[in-house]
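Structure, as structure tokens:
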């Protein structure tokens, strides 16, 4: 059995070198590389590594690691990078792999000013309530996102 550090490094390597489309496939690759593990351990490891799914051109999904960031990401950050407005739409940029998680939090915590979200890998589109001002949106998001 490999140490956790070795196991995480192997997951990084396998996701970088292979098109992995399911946790079962990754578990098989881990086993073939001498590091068998349970699904629950793999799931925790993938969460720790901020692994996300991205859409393949031909359909289906693939697991990917977040892109390297020039500045370290603190564990309490939500990956927020910027926000821009156009009419009753806002575009939130995030670090790679953070958009889905942030969209969920926006849906849960800002429903008074945001009527819905759509998330990609590093972008969240917010459809704003027509009666909400930009200042109200920023104030609502600032309660759970560090907006600079």
Answer yes or no as to whether residue 64 is surrounded by 13 or more Cβ atoms within 10 Å (Cβ to Cβ) and modelled with pLDDT under 80. no
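So that you can scan it fast, the table gives a plain yes or no per residue for (1) assigned to a helix (DSSP H, G or I); (2) outside the structural domain of residue 97 (by TED's automatic domain parsing); (3) at pLDDT 95 or above:
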| site | (1), (2), (3) |
| --- | --- |
| 8 | yes, yes, no |
| 16 | yes, yes, no |
| 25 | yes, yes, yes |
| 28 | yes, yes, yes |
| 35 | no, yes, no |
| 43 | yes, yes, no |
Those strands (runs of 3 or more DSSP E) completely within the range 74-148 that have 1 or more residues that are modelled with pLDDT under 90 are 80-86, 89-94
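The values are calculated or read from the model by the stated rules, or taken from the named source; none is laboratory data. Given the structure is predicted, the values throughout are model-derived calculations rather than measurements. So basically every Cβ, Gly included, is an ideal-geometry build from the backbone, and we count neighbours across all protein chains shown.
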